[in-house]
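Asker: Below is the structure I would like to discuss, written out as structure tokens.
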Amino acid sequence: MSKKGPAPHPSYEVMIYKAIKEHGRYGASIEDIKTYIESNYKVDKTRVSSEVATNIKKLFRGGDLTLSMGNYKVSPKFANRLTKAANAARAATKPKVVKKVAHPSYKVMVNKAISVTKSRGGASRMAIFKYLQANYKVPADVVFKRMLSVQLKRLVKNGDLTMVKASYKISDKAKQELKKSIRKKASIRKKSVKKVKGKKKSTKKAKKTGPKRPKSAYLFWSADHRAEIKKKHPDVTPQQLIGLIAAEWKKTSANDRKKFDTLAAKDKTRYQTELAATK
């Protein structure tokens, strides 16, 4: 037997609620509700009458509907219940946003704070709190102080810290774990260095072969006038000099450019001849 798929419409109590709300403050009769559901939802029309009657009786007995002058009205209790259900469904479908923590784990921060103090007697809760405030993005409020106390108790319970009077020290177990992790990181680093040394890549670029590309009329003109323009403006930077040369070129008349157009045409012919010879 094939399983029935989900109904192509909301539950009857939701449809009844919407039908009554659509008819306004005076409510709606059973016929009005049935007509609204048939015209707005894909329902089995042979079962609408019985389903509407059954659900209205159920809602009326539960206090979700009230009857006045042959019309049914929605009670505040029914409206609140449906609103809560809709909000819960919306919250369930909304993707959860994972907040990024702006600091390392409490274990890392506390261990760092204790090791920095370099005191044989360890570090007090206030000393740890002040260090975390100065070196990490943590809130400076009473809530964080309480949170830190909770985390310190947890670290003591897990054996990561030992408490001496009112101070905290890194436990021998945590020190051994730290040494092991440092050795492991060092061995991984050595292996990666060996791999890099084994593979030497050639950094030399292959020289491009072929004829020298042709110069434009502007380049010929620039080479001819560069020294003259530099002499007129001795204090300009190389970048400013390029701008001055370009400005002077724009002012040059077509008649004065003929000589350089001819040189450019000859150079282009030279390039095409040399290129054809290489093929």
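The values are calculated or read from the model by the stated rules, or taken from the named source; none is laboratory data. Computed from a predicted structure; not experimentally measured. For neighbour counting, all protein chains shown are included, and Cβ atoms are generated from backbone atoms with ideal geometry for every residue, glycine included.
Asker: Go through Met147, Met163 for me and flag whichever is outside any helix (DSSP H, G or I), of a type outside the set (Val, Ile, Thr), under 21 Å from Ile114 (Cα atoms) and modelled with pLDDT of 80 or more.
Answerer: Criteria check complete, one pass: Met163.
Asker: Could you go through segment 202-219 and let me know if any residue there is of a type in the set (A, V, I, L, M), in a helix (DSSP H, G or I) and at pLDDT 85 or above.
Answerer: Scanning segment 202-219 turns up at least one residue that is of a type in the set (A, V, I, L, M), in a helix (DSSP H, G or I) and at pLDDT 85 or above.
Asker: Please name all residue pairs, on different chains or six or more residues apart, with Cβ atoms under 6 Å, provided the first residue is in segment 118-131 and is assigned to a loop (DSSP other than H, G, I, E, B) and the second residue is surrounded by fewer than 14 Cβ atoms within 10 Å (Cβ to Cβ) and aliphatic (A, V, I, L, M).
Answerer: Short answer, once both residue conditions are applied: Gly122/Val164.
Asker: Condition check: surrounded by 14 or more Cβ atoms within 10 Å (Cβ to Cβ) and not in a helix (DSSP H, G or I). Does Val138 satisfy that?
Answerer: Against the criterion (surrounded by 14 or more Cβ atoms within 10 Å (Cβ to Cβ) and not in a helix (DSSP H, G or I)), Val138 qualifies.
Asker: Out of Lys250, Lys232, Lys259, which single residue is without any contact (Cβ under 8 Å) to a residue 40 or more places away in the chain, over 53 Å from the mean Cα position of the chain (by Cα) and more than 28 Å from Pro211 (Cβ to Cβ)?
Answerer: Lys232
Asker: Also, quick follow-up: Name the single residue that is nearest to Asp261 (Cα to Cα) among those in segment 209-243 being surrounded by 10 or more Cβ atoms within 10 Å (Cβ to Cβ) and among the polar types (S, T, N, Q).
Answerer: Taking the candidates together, the pick is Ser216.
Asker: While we're on this one: In segment 78-97, how many are exposed (fewer than 11 other Cβ atoms within 10 Å of the Cβ), basic (Lys, Arg) and within 18 Å of Lys18 (Cβ to Cβ)?
Answerer: Number of matching residues: 2.
Residue-by-condition table, conditions (1) assigned to a helix (DSSP H, G or I); (2) not assigned by TED's automatic domain parsing to the domain that holds Asp32:
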| position | (1), (2) |
| --- | --- |
| Asp44 | no, no |
| Ser49 | yes, no |
| Thr54 | yes, no |
| Phe60 | yes, no |
| Lys77 | yes, no |
| Lys112 | yes, yes |
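Asker: Let me ask something else. Find all pairs meeting these conditions: Cβ atoms under 6 angstrom apart; at least six residues apart or on different chains; first residue within segment 74-92 and without any contact (Cβ under 8 Å) to a residue 24 or more places away in the chain and over 13 Å from Val14 (Cα atoms); second residue surrounded by 10 or more Cβ atoms within 10 Å (Cβ to Cβ) and among the β-branched types (Val, Ile, Thr).
Answerer: Listed by first residue and then by second, the contacts come to Ser75/Thr66.
Asker: Contact list please: Cβ distance under 7 Å, first residue in segment 12-33 and among the β-branched types (Val, Ile, Thr), second residue part of a loop (DSSP other than H, G, I, E, B), pairs at least six apart or on different chains.
Answerer: Partner pairs satisfying both residue conditions: Ile20/Gly27.
Asker: Can Ala186 be described as at pLDDT 85 or above and farther than 30 Å from Lys266 by Cα?
Answerer: No, not satisfied.
Asker: Quick one: Val108 ticks every box in (1) modelled with pLDDT under 85; (2) β-branched (Val, Ile, Thr); (3) within 30 Å of Phe144 (Cα to Cα) except a single one, so which number is it?
Answerer: Answer for Val108: the failing condition is (1).
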